[in-house]
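Notes follow the structure.
Derivation of every value follows stated rules applied to the coordinates shown; laboratory data play no part. Please read these numbers as outputs of a predicted model, since none were measured by experiment. Counting neighbours? That spans all protein chains shown, and the Cβs are built from the backbone with ideal geometry, glycine included.
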Amino acid sequence: MAPKVLHIGPLTERFNQRLADEHEVVQLWRQGDALAYLDEHGGQFDVVVTSARFGYSAAMLARMPNVRAICSFGVGYDAIAVDLARERGIQVSSTPDVLNDCVADLAMGLLIDCSRRISAADRFVRAGLWPAGNFPLARKVSGKRLGIVGLGRIGKDVARRASGFDMQVRYHNRRPDADSSYGFEPDLPALARWADFLVLTCPGGAATHHLISAPVLDALGPEGILINVARGSVVDEQALVSALTEGRLGGAGLDVFQAEPSVPEALLTLDNVVLAPHIGSGTLDTRLQMEELVFANLRAFLDEGEVLTPVV
């Protein structure tokens, strides 16, 4: 019998249709109560296709005794029950590397926007305020200090881009990167005190939950800017709102939020915050590459028994 695939949540129409054309697929989002459906049919499936957005919970996995692989669209996997899957010998793949450039590009775009206040200036012009007086002065980007939290693939791409702006770069990781020439700072608040900009490119999950706390934000200070292209869970969102509204933090550029697509209402009214709807990988080029990698992982597993880009 052909392997049966459970598709957790919709991606592009192109992807959804291709997956349905090439494999025997059930689209879980069309089945009503997902867990009730899996209680009855979960044993039929060999492979799961999901995404960083929709994940794959322990409750789902517990109802699917015959799953052998989980192929995910996206680099993040904190919403997938990876540890439980490993215990059961289930392979898990993601789509690393192909989205690094676009996420790093967006991080630098948010950084420049927050510092030079491009979005705020656009609103100023559109509101017809320019004839009444000049827009307030903003802050320079070139030559400033950049702190990176999570010097992985994306973090290194951000650092390389920052070199074009003659920025000094230091980073915070769980341990130093032996291949990096950038300055390692083991103390996160110390990095925040040093930095003009603090860019988050670390993974989500329990290990980094609320890593950016009130003390870190206070260390970054009233002239510092926080950029988050990682996961919303990395930042204590309530502490962030307080720091911004009370003037203890200079600004923020945010592509991710704790309860997406819900955004704290207080952030919507702040002129020193740039908000994006989780578009780090959101280009036609990159999303197509991500789709192709999901299919390549799925084919490799079904043909050879091994995914190409396993989560490690």
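Collect residues whose amide H, placed 1.01 Å from N in the peptide plane, falls under 5 Å from the amide H of F73; neighbours closer than 5 in sequence don't count.
Excluding prolines and chain starts, which carry no amide H, the hits are T50, S51, A52.
Where a ≥ b ≥ c are the square roots of the eigenvalues of the C-alpha gyration tensor, would you call the range 100-275 rounded, which needs a/c under 1.5, or, failing that, prolate if a/b is larger than b/c, or oblate?
Values: a/c = 1.81, a/b = 1.39, b/c = 1.30.
Cα axes put the range 100-275 in the prolate bin.
Can you say what percent of the DSSP beta bridges in the range 100-275, counting only those with both residues inside, are antiparallel? Round to 5. Present the calculation step by step, with values, prior to reporting the outcome.
On the way: 1 of 24 bridges.
The antiparallel proportion sits near 5 percent.
Where in the chain lies the longest segment free of GluC sites (Glu not before Pro) that are both loop residues by DSSP (not H, G, I, E, B) and have at most 10 other Cβ atoms within 10 Å? Walk me through the numbers before you get to the answer.
Details: sites that count: E223, E246.
Segment 1-222 is the longest.
Taking a cut-off of 20 Å between Cα atoms, list the lysines near K156, but don't count ones fewer than 8 places away on the same chain.
The reachable lysines, counting only those whose Cα sits under 20 Å from K156, are K144.
Restricting attention to the range 208-312, which chymotrypsin sites (Phe, Trp or Tyr not before Pro) occupy a DSSP loop and are surrounded by at most 10 other Cβ atoms within 10 Å?
Working: sites: F257, F295, F301; in loops: F257.
Taking the range 208-312 and a limit of 10 other Cβ atoms within 10 Å, no loop chymotrypsin sites (Phe, Trp or Tyr not before Pro) are found.
Would you calculate the separation in nanometres between label points at R153 and F165, each defined as 7 Å from the Cα along the Cα-to-beta-carbon direction?
2.4
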